[in-house]
1. Report, to the nearest 10°, how far helix 50-69 tilts away from the longest principal axis of the Cα atoms in the chain, using its own Cα long axis and a range of 0 to 90°.
2. Please compute the length gained on full extension between residue 45 and residue 1, using 0.36 nm multiplied by the number of residues separating them and subtracting their Cα-Cα distance.
3. Averaged per residue, what accessible surface does the chain expose to a 1.4 Å probe, in Å²?
4. Give me the tail of P(r) for the chain as a percent: Cα-Cα pairs with distance above 13 Å.
5. Before anything else, pin down the relative contact order of the chain: Cα pairs under 8 Å, at least 6 apart, normalised by residue count, whole percent.
6. Can you send over the carbon and sulfur percentage of the accessible area for the chain, probe radius 1.4 Å, protein chains only?
7. Tally Lys/Arg at +1 and Asp/Glu at -1 over every other residue whose Cβ is under 15 Å from the Cβ of residue 42; what's the total?
8. Tell me the mean residue ellipticity at 222 nm calculated for the chain from its helices only (DSSP H runs of n ≥ 4, each -39500 (n - 2.57), averaged over every residue, nearest 500).
Amino acid sequence: MDLTDKHEMVCFCNFVTVGEIQRSIDQENLKSVPEVMEATGASTTCGSCYDNLCAVVKAYQDKAKKQSAQ
């Protein structure tokens, strides 16, 4: 999965992309995977994308931490 491609589909059941997850984290000040799941619907149908969702959230949060430390 390409975490830098905002059009990369994370959840095929609910059509949630990397970009939508990142926007939700920023706009709604989300802090956890369950919050992202509730806001976007990602991984709420079959759950097969849960690991990818976790990876996207962690990578984006890590990137934000690095930027705020600069």
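1. 10
2. Details: separation 44, 0.36 × 44 = 15.84 nm, distance 1.98 nm.
Between residue 45 and residue 1, full extension yields 13.9 nm more.
3. Value returned for the chain: 65 Å² of accessible area per residue.
4. Of the Cα pairs, 59 percent sit more than 13 Å apart.
5. 28
6. C and S atoms contribute 50 percent here.
7. Here the count lands on -3.
8. Using -39500 (n - 2.57) per qualifying helix, the result is -17500 deg cm²/dmol.
The values are calculated or read from the model by the stated rules, or taken from the named source; none is laboratory data. Computed from a predicted model, the values in this text were never measured in an experiment. FYI the Cβ positions are ideal-geometry reconstructions off the backbone, even for glycines, and counts take in every protein chain you see. Surface areas here come from the heavy atoms of the whole protein model, side chains and all, with no ligands, DNA or RNA. Shrake-Rupley method; radii C 1.70, N 1.55, O 1.52, S 1.80 Å.
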